[in-house]
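Heads up: the structure comes next, in structure tokens.
The numbers here are math on the coordinates, done by the rules we state, and not lab data. In this text, all values refer to a predicted model and were calculated from it rather than measured experimentally. In this analysis, Cβ positions are derived from the backbone assuming ideal geometry, glycine residues included, and neighbour counts consider all displayed protein chains.
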Amino acid sequence: MRNRRKQSTTSSIIFLCITISSLSFFSIAVSALGVNWGTMATHQLPPKTVVQMLKDNNVQKVKLFDADTNTMVALAGSGIEVMVAIPNDQLKAMGSYSRAKDWVRRNITRFNDDVKIKYVAVGNEPFLTSYNGSFINLTYPALFNIQKALNEAGVGDFIKATVPSNADVYSSPPDNPVPSAGRFRQDIYEEMRLIVNFLAHNKAPFTVNIYPFLSLYLSSDFPFDYAFFNGQNTVDDNGVVYTNVFDANFDTLLASLRELGHGGMTVIVGEVGWPTDGDKNANIQNAERFYAGLLPKLAANRGTPMRPSYIEVYLFGFIDEDAKSIAPGNFERHWGIFKYDGQPKFPADLSGKGQKKVLTGAQNVQYLQNQWCMLNPNAISFSNSTNQLGDNVNYACTFSDCTALGYGSSCGNLDEVGNASYAFNMYFQVQNQKAEACDFEGLAMITTRNISRDQCNFPLQIGDPTSGHCDHRYMYGSSVRFGLVSMLLLFMAL
């Protein structure tokens, strides 16, 4: 994903997948469920632990954002169906057929006997308007070469290349904002025509990411209940009534495909979900409501008005990622149905039976020592040291995750002491509880007392309690800054 995503208000939502077999109805629903497994975290669970979580929760399909060797080795022999991915920053290289062949050899054919690879995602939302056209001319050549390389390797009949696209690649015109009027964006129309025709020729699916939450986030006028599946808001499309934005968005895509002559093309919903923190509408209550409507709908194969049947869907996401860019919004790090440590956030029935069941979390998780970093009450007087404190809070939040401090978020109601302590502790945990990471010019101190408050959790990071573990690929830096926002919050509280 990895940046998010401007979506139109006709866009939104979620994911799953269900296969035809002689099994019972609900067994089908469980066996077909897919999830997105992202790894942009400072401290990651071991891949084998995550694979066991997938198996324990009967998730049999997973969508990745790369083709990391450690992840692929962990998936070997699991029987879990896999969509591997080529990140956007590699699309240009895949324009060379020799490079594409080499990528397939290193990431597909060498694992093919042990990993059940089904799809290759070529890029991720490469036509996002926020990318300003950076990947428009790179995507189709990469798609062409990867599928050609798959075919040449003898696996193209059962491994298909696809391009996960954001729902902003299509829309309905302002003067006729109904799903049946859907068309692909004019600035990428020719590219989409080439891609859709190519996918059809190779019997590959179109993959779309739909986020009802973003419809709410991007428009204060969007009807709240229309983002869910049990609201009263409706849209009438020439006698066809839409009761939720997911159906409307999906059918807008089908109309866009039909206009290109491929209305019957297989469509995968590559990402759909609801975040649990980082915005006033991103919380446990709304996430539970969303999934309580989505999962039974998918399990029942009700589909949408234009396609009232099975839809293959991948939930986004499986586990929170604390090192994702927050440029699209603070909620970006909170999409998981599991927390950073692999523990479930809320009850969810992935079978779609409508029962509130506790998901099976990661087993034998190790945490760092039971210690936190907090503002030392004896070290500062708020009346004359706000600049020093603000600078240190800014530093802490620049190199850790302070998204829970935002307005409407789980820690958004902390006082000035709480804001500073939260920021200091997040940095302390990211730095594996090194003593020097809880100094902040003498403003901080280590405590063995859990300083969490009400709904605001001050987390302990996962890792070896004797040394800790940090994935330095995703250390925070200037591109992932929240410090200014945190400082402003602090000053507002003063």
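Observations on the structure shown:
- Gyration tensor verdict on segment 372-447 (Cα atoms; rounded if a/c is under 1.5, prolate if a/b is larger than b/c, oblate otherwise): oblate
- Here's the picture: a label point sits 7 Å out from the Cα of Ala300 along the beta-carbon direction, and within segment 329-361 the residues with their amide nitrogen under 18 Å of it are 349-356.
- Once the Cα gyration tensor of segment 33-338 is diagonalised, semi-axes √(5λ) in Å: 29, 24, 18
- Phi angles across segment 439-449 convert, under the Karplus curve 6.51 cos²θ - 1.76 cosθ + 1.60 with θ = phi - 60°, into 3J(HN,Hα) values of 10, 6, 6, x, 8, 10, 8, 8, 9, 9, 9 Hz, Gly and Pro given as x.
- Gain on full stretching of the segment that runs from Lys55 to Arg185 - 0.36 nm per residue minus C-alpha separation: 42.8 nm
- Amide hydrogen neighbours beyond the local backbone of Ala85, cut-off 5 Å, H modeled: Asp66, Ala67, Ala121
- Spherically averaged projected area of segment 299-387 from its Cα convex hull (nm²): 11.3
- Computed from label points 7 Å out along Cα-Cβ, the spacing between Ile136 and Asp225 is 4.1 nm.
- Computed from label points 7 Å out along Cα-Cβ, the spacing between Ala327 and Gln232 is 4.2 nm.
- Links that overshoot a 18 Å alpha carbon limit, given the list Lys92/Lys324; Lys63/Lys118; Lys55/Lys357; Lys297/Lys356: Lys92/Lys324
- Paramagnetic reach from Asp102 (point 7 Å along Cα→Cβ, amide N under 18 Å) across segment 147-180: 147-150, 153
- Rounded, prolate or oblate (a/c below 1.5 giving rounded, otherwise prolate when a/b exceeds b/c) for segment 249-348 by Cα gyration tensor: prolate
- Karplus-derived HN-Hα couplings along segment 47-59 (A = 6.51, B = -1.76, C = 1.60, θ = phi - 60°), whole Hz, x at Gly and Pro: x, 5, 5, 5, 4, 5, 4, 4, 5, 4, 9, 6, 8
- Remark: segment 220-226, residue by residue, has Karplus-estimated 3J(HN,Hα) of 5, 8, 5, x, 3, 5, 5 Hz, where x stands for each Gly or Pro and the curve is 6.51 cos²θ - 1.76 cosθ + 1.60 at θ = phi - 60°.
- Simple label model, 7 Å out from Cα along Cβ direction - Gln343 to Asp113, nm: 4.2
- Distance between segment 315-331 and segment 69-90 - C-alpha centres, whole angstrom: 20
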